[in-house]
Amino acid sequence: MSKIKYALIGCGRIAPNHIAAAVNNCENLEIVAVCDPIPENMEKVLSQIEDTSSIARYTDYKVMLKEKQPELCAIATESGYHAPIAMDCIEAGCNLIIEKPIALSLKDADAMIAAAEKKGTVLCACHQNRFNKSVQKIREAVENDRFGKILHGAAHIRWARNKNYYDQAPWRGTWAQDGGALMNQCIHNIDLLRWMMGNEVVEVCAYTDRLVHDYIEAEDLGIAVVKFANGSYGIIEGTTNIYPENLEETLYIFGSEGTVKAGGKSVNLIEEWKFADGKDDPEAVKEQYGDNPPNVYGFGHTPLYTDVLDAIKNKRAPYVDGHSGRRALEMVLAIYKSAAEGRPVKLPLEDVSTLDFTGRF
């Protein structure tokens, strides 16, 4: 099989992880182009590759699509641009890996999913933490019913983002291009909680606020209670107000016959592992299924890319498909809607956007 031609659109903060994942999959993938309106950004992200002479640089992704005809694109631009760029890529017959969130409105997410299904292209939402060794081990326990009756779960994201972070990119914290702490920093763990708890949500009741970051439009704190269709409950706490630096990202799953806690920088460590069935040694599990990465982005991009390449080859859905991305987006938008309207919100939602909350604070 010939190598799949790959291009990266958007060379900002997360781009080095995408390029590294592409390089780590070089047996099946060829980097043919990168695209960013700022040339220095492209050179910075390519600095981790020794020879870049065969990699084209573009400031216009539409020209890149036409000239290089990539078979797989990763979109790592401002969140508000994900949907229009994705639609152009799908129209060009390109498979996609889209950074979180998949879009900023459910209408856009639905259009992207429908377009990809009609065109027969792979659409992957980049929720790379699903590939963490710790998360995979917890998922295995869920699928094997080791928890017994799942009772409740909790996702805590206690991070810090200061003014310097927002000054680096003016789109951050805006309703048109980003959203707040929940949509940007917390959506990975929100995705994991929904996934582990059975995906189907009945109702969300939430509060959001902007307590410290008066220079952004959106929230820096979100607290929510979620009722799942299987009778279990979820608690979400997400903030970028922790002093003076990131504290933790943790995921708890509590069942009638099992208790699990994943923690570390990006839920990469198993910190509690207790099951009534006694099938494994908790200390051995903690040691074998934990690896703390140097930053909050974790080690998941490389296996996510490997999975997408296999999905393209075997004409199957990726492990984290567009519907998964939509579910994570819907959870955050439901929290926003509940907090803005001061009432519990029923799911599913049909057409909600971050723009609906313009002027919220």
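The values are calculated or read from the model by the stated rules, or taken from the named source; none is laboratory data. Quick caveat, the model's predicted, so the values are computed rather than measured. Backbone-built Cβ (ideal geometry, glycine too); neighbour counts: all protein chains shown.
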Report summary line: Taking the range 6-42 and keeping only residues that are farther than 21 Å from residue 83 by Cβ, assigned to a helix (DSSP H, G or I) and in contact (Cβ under 8 Å) with a residue 12 or more places away in the chain, one is left with 16, 17, 19, 20, 21, 22, 23, 24, 39, 41, 42
Query raised in the report: Can you pull out the residues in the range 314-361 that are among the aliphatic types (A, V, I, L, M), outside any loop (DSSP other than H, G, I, E, B) and touching a His at 6+ places or on another chain (Cβ under 9 Å)?
Result: 328
Query - Of all residues making up the range 151-179, the number that are farther than 30 Å from residue 259 by Cβ and touching a Cys at 6+ places or on another chain (Cβ under 9 Å) - result: 0
Query raised in the report: Of the residues that sit in the range 146-173 and are exposed (fewer than 15 other Cβ atoms within 10 Å of the Cβ) and touching a strand residue (DSSP E or B) at 6+ places or on another chain (Cβ under 9 Å), which one is nearest to residue 217 (Cα to Cα)?
Result: 149
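Restricting the search to the range 195-204, which residues are surrounded by fewer than 17 Cβ atoms within 10 Å (Cβ to Cβ) and in contact with a strand residue (DSSP E or B) (Cβ under 6 Å, 6 or more places away or on another chain)?
Hits for the range 195-204 are 198, 202, 203.
Filter the range 216-232 for residues that are assigned to a loop (DSSP other than H, G, I, E, B) and either in contact with a helix residue (DSSP H, G or I) (Cβ under 8 Å, 6 or more places away or on another chain) or not assigned by TED's automatic domain parsing to the domain that holds residue 168 (or both) and give the result.
Within the range 216-232, the subset assigned to a loop (DSSP other than H, G, I, E, B) is 216-220, 229-232.
Selection gives 216, 218, 219, 220.
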Query raised in the report: Of the numbered conditions (1) surrounded by fewer than 24 Cβ atoms within 10 Å (Cβ to Cβ); (2) assigned to a loop (DSSP other than H, G, I, E, B); (3) charged (D, E, K, R), residue 139 satisfies every one except a single condition; which is it?
Result: (2)
Requested in this report: Being surrounded by fewer than 17 Cβ atoms within 10 Å (Cβ to Cβ), within 18 Å of residue 236 (Cβ to Cβ) and among the charged types (D, E, K, R) is the filter here, so list the residues in the range 336-361 that pass it.
Outcome: 341, 343, 346
Report task. Please give the number of the condition residue 275 fails out of (1) over 29 Å from residue 110 (Cβ atoms); (2) buried (at least 22 other Cβ atoms within 10 Å of the Cβ); (3) not aliphatic (A, V, I, L, M). Result -> (2)
**Report entry** Set 92, 103, 114, 109: member being over 12 Å from residue 74 (Cα atoms), touching a residue at least 12 places away in the same chain (Cβ under 8 Å) and surrounded by fewer than 21 Cβ atoms within 10 Å (Cβ to Cβ)
**Finding:** 92
Query raised in the report: Restricting the search to the range 207-231, which residues are of a type outside the set (Phe, Trp, Tyr) and over 27 Å from residue 244 (Cβ atoms)?
Result: 225, 226, 227, 229, 230, 231
Query raised in the report: Here are some conditions: (1) over 28 Å from residue 308 (Cβ atoms); (2) under 19 Å from the mean Cα position of the chain (by Cα); (3) surrounded by 16 or more Cβ atoms within 10 Å (Cβ to Cβ). Residue 176 meets all but one. Which one does it not meet?
Result: (3)
Query - Every residue from the range 329-361 that is more than 14 Å from residue 206 (Cα to Cα), touching a Leu at 6+ places or on another chain (Cβ under 9 Å) and of a type in the set (Gly, Ala, Ser) - result: 353
Query raised in the report: Give me the pairs: first residue in the range 311-330 and closer than 16 Å to residue 110 by Cα, second residue of a type in the set (Val, Ile, Thr) and assigned to a helix (DSSP H, G or I), beta-carbon distance under 7 Å, and six or more apart or on different chains, which are they?
Result: 322/113; 323/113; 326/113; 328/187; 328/190
Requested in this report: Might you check whether a residue that is assigned to a strand (DSSP E or B) and under 23 Å from residue 345 (Cβ atoms) occurs anywhere in the range 238-250?
Outcome: yes
Query - Unique match (being in contact with a helix residue (DSSP H, G or I) (Cβ under 9 Å, 6 or more places away or on another chain), more than 30 Å from residue 7 (Cβ to Cβ) and free of Cβ contacts under 8 Å to residues at least 60 places away in the same chain) among 272, 287, 341, 350 - result: 272
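Each row is one residue, and each column tells you yes or no for (1) of a type in the set (Asp, Glu); (2) outside any loop (DSSP other than H, G, I, E, B); (3) at pLDDT 95 or above; (4) in contact with a Cys (Cβ under 8 Å, 6 or more places away or on another chain).
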{"position": "195", "(1), (2), (3), (4)": "no, yes, yes, no"}
{"position": "214", "(1), (2), (3), (4)": "yes, no, yes, no"}
{"position": "234", "(1), (2), (3), (4)": "no, yes, yes, no"}
{"position": "253", "(1), (2), (3), (4)": "no, yes, yes, no"}
{"position": "270", "(1), (2), (3), (4)": "no, yes, yes, no"}
{"position": "273", "(1), (2), (3), (4)": "no, yes, yes, no"}
{"position": "279", "(1), (2), (3), (4)": "no, no, yes, no"}
{"position": "286", "(1), (2), (3), (4)": "no, yes, yes, no"}
